[in-house]
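The values are calculated or read from the model by the stated rules, or taken from the named source; none is laboratory data. It should be emphasised that the depicted structure is a prediction, and the values quoted were computed from it without experimental measurement. Positions of Cβ are backbone-derived with ideal geometry, glycine not excepted, and every protein chain shown enters the neighbour counts.
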Amino acid sequence: MSAVRVIGVILFFLGLLAVVVGGFNGYGTLFSWNGRHPVDVIALGEGRVVEKLTPVPGRRYTVSVQVRFEREGLEHREGITVVEAKMPLAVRVKDPAGTTRAEVVGWLDPAEPPNVLYGHSVQEPRRLPRPAGSTATSRWGRSSQATPELAVERLVGPFAASSDAPLSIEVDLGPDRVGRARIAERRLVIYDDALPPKVWNAFLLAGGGGALLVAGLVLLVAGWFRRRGSRRKRGGIPAPNVV
C-alpha cells in the first residue's frame, strides 16, 4: 500500500471518529439545554437591590431570582421534601428611558406556580457503612454522589436587547413570612440565549472531523488511480492521455 493511501486511511478514520464523537456530544448537549446560558450570579439580601446589565444587541435575556434552603429539619412526605416559605417579591427590568421591559410582582412561594422548586424529590444522602477496622473517613461515611441543592426559582422575562444601552434590574425580596425553612442563600441569576461553549466545541470537532474525512477520501481515490495507472504501465498498456 502506497504512502498516499496509508495517509488517506488514517485521515478517514480520524475524521470519522471526530464526526461521531462531536456529533453525539453536540446534539446530546443541545437537546438537554434549557435555552438559558448563565451570564452573571449576584448575591441578594433582604430588601431592595438595583443591579446593572449591559446587554449584547440581538440577544434575549431572562432574570431568575433563586432562594436556596437548608435540608436539615424539613418534613418529608412520601419521599418529597416539603418546603413552606412565602416571600414578597417585586422585580422590574427598565431601560435608560425608564420603560419597563419585564416585571414580576407577587410571592416567592415553592408551592405556588409559576415558582419552581428544585431538588425536593431527592432523598437524603445515606452514609455508607464503614468496614470493620477501617479508620478512613474520606471515602467511608459520605455519599459518593453529591445531593442537588434545594432551591426555589422565579423567572422574569424573557426580553430582547435591541441595543447595548445598560438596563437596570430592580429586585425587592422581602423576608420569609412563614419561617419554617432555613434560608442558606439568596441570589440573582442573569441568563442569555447564547449557545454554551460545550455545544460549539462539539460541533467544531464534528466539522473538523468532516474535513479530515473528506481529505482522507480524496487521498484514497488519488492513491487508487495512481496504483491503477502504474499497473497499466507495467503491463505494457499505455495510460490514457488526459486532455
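If you go through region 49-90 one residue at a time, how many are among the basic types (Lys, Arg) and not in a loop (DSSP other than H, G, I, E, B)?
4
Among Gly133, Gly179, which is exposed (fewer than 12 other Cβ atoms within 10 Å of the Cβ), among the small types (Gly, Ala, Ser) and modelled with pLDDT of 75 or more?
Working: Gly133 fails: modelled with pLDDT of 75 or more.
Being exposed (fewer than 12 other Cβ atoms within 10 Å of the Cβ), among the small types (Gly, Ala, Ser) and modelled with pLDDT of 75 or more holds for just one of Gly133, Gly179, which is Gly179.
Given the criteria free of Cβ contacts under 8 Å to residues at least 24 places away in the same chain, loosely packed, with under 15 Cβ neighbours inside 10 Å, outside any strand (DSSP E or B) and at negative phi, does Pro113 qualify?
On the way: free of Cβ contacts under 8 Å to residues at least 24 places away in the same chain: yes; loosely packed, with under 15 Cβ neighbours inside 10 Å: yes; outside any strand (DSSP E or B): yes; at negative phi: yes.
The answer is yes for Pro113.
Mind counting the residues in region 69-89 that are in contact with a Gly (Cβ under 8 Å, 6 or more places away or on another chain) and at pLDDT 90 or above?
3
What number of residues within region 91-106 are surrounded by 15 or more Cβ atoms within 10 Å (Cβ to Cβ) and part of a strand (DSSP E or B)? Before the answer, list the steps.
Here is the first cut: in region 91-106, the residues surrounded by 15 or more Cβ atoms within 10 Å (Cβ to Cβ) are 91-95, 101-102, 104.
Pick out the ones that are also part of a strand (DSSP E or B) and you get 91-94, 101-102, 104.
Counting residues in region 91-106 that are surrounded by 15 or more Cβ atoms within 10 Å (Cβ to Cβ) and part of a strand (DSSP E or B) gives 7.
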